[in-house]
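This report concerns only the one structure given below.
The values are calculated or read from the model by the stated rules, or taken from the named source; none is laboratory data. Everything quoted here is computed from the prediction, not taken from an experiment. With ideal geometry, Cβ positions are generated from the backbone for all residues, glycine too; neighbour counts draw on all protein chains shown. Side chains included, ligands, DNA and RNA excluded: accessible areas come from the protein's heavy atoms. Shrake-Rupley method; radii C 1.70, N 1.55, O 1.52, S 1.80 Å.
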Amino acid sequence: MRNQWVVVGILAGTLFAGDALAQHKTPNQQPTTAPAPTAPTGAVALGSVKLTKGVTADGKPLAAGTYTVRVTADEAKPEAVGTTEPLERWVEFVQGGQVKGREVVSIVPAAEAKEVVKDSAPPSGGAAKVQTLRGNEYVRVWFNKGGNHYLINLATGTAETK
């Protein structure tokens, strides 16, 4: 009988202590919110890029060739969930002084680039890189300029037929 009282005493003490500890538990520290990244304002000339195959930009065909690429001051609308408005803008592909196509560009501050693009090394400062992605379905045009990375994803004809 004595052993039973010992067990009852231990259980009661554990329950009481557990309730007391739970009531006085401090909340977990929440991570600090990072400041909103800044993006260049106005138009930005990124440089030239050579597309070796035709792609789709803003739902329209864009032929293979060499283009001058520039970011416009226009923010991409409608806003997509999880985007920061100033960091989603329109980019134009210019050839012979005429805009041949446009697409949304994601502007990524240099400090965050390795969090966004984990599959390859960035182009050197002031340079561009063209990569074929996901089984030839997409082409990524990647500029590194002025402390920001500019990522443009274009569909190829392979992606459109699926």
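Quick notes
- Within the stretch 58-78, the set of residues being in contact with an Asp or Glu (Cβ under 8 Å, 6 or more places away or on another chain) and either open to solvent by 70 Å² or more (accessible area, probe 1.4 Å) or aromatic (Phe, Trp, Tyr) (or both) comprises 70 only.
- The one condition from (1) more than 16 Å from residue 155 (Cα to Cα); (2) modelled with pLDDT of 90 or more; (3) among the basic types (Lys, Arg) that residue 100 does not meet is (1).
Residue-wise test of (1) over 26 Å from residue 60 (Cα atoms); (2) polar (S, T, N, Q).
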position: 103; (1), (2): no, no
position: 106; (1), (2): no, yes
position: 112; (1), (2): yes, no
position: 137; (1), (2): no, no
position: 156; (1), (2): no, yes
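- Only residues that are part of a strand (DSSP E or B) and over 14 Å from the mean Cα position of the chain (by Cα) were counted across the stretch 98-122, and they come to 6.
- One residue stands out among those in the stretch 111-120 that are touching a strand residue (DSSP E or B) at 6+ places or on another chain (Cβ under 9 Å) and among the small types (Gly, Ala, Ser): the one that is surrounded by the most Cβ atoms within 10 Å (Cβ to Cβ), which is 113.
- Any chance residue 162 is at pLDDT below 85, outside any helix (DSSP H, G or I) and in contact with an Asp or Glu (Cβ under 8 Å, 6 or more places away or on another chain): yes
- Within the stretch 135-146, the only residue that satisfies the criterion of being out of contact with any strand residue (DSSP E or B) (no Cβ under 7 Å at 6 or more places or on another chain) and surrounded by 15 or more Cβ atoms within 10 Å (Cβ to Cβ) is 144.
- Extreme residue, modelled with the lowest pLDDT, among residues of the stretch 77-97 that are within 12 Å of the chain's Cα centre (by Cα) and of a type in the set (S, T, N, Q): 83
- Given (1) open to solvent by less than 60 Å² (accessible area, probe 1.4 Å); (2) within 19 Å of the chain's Cα centre (by Cα); (3) at pLDDT 80 or above; (4) not acidic (Asp, Glu), number of the condition residue 132 does not satisfy: (1)
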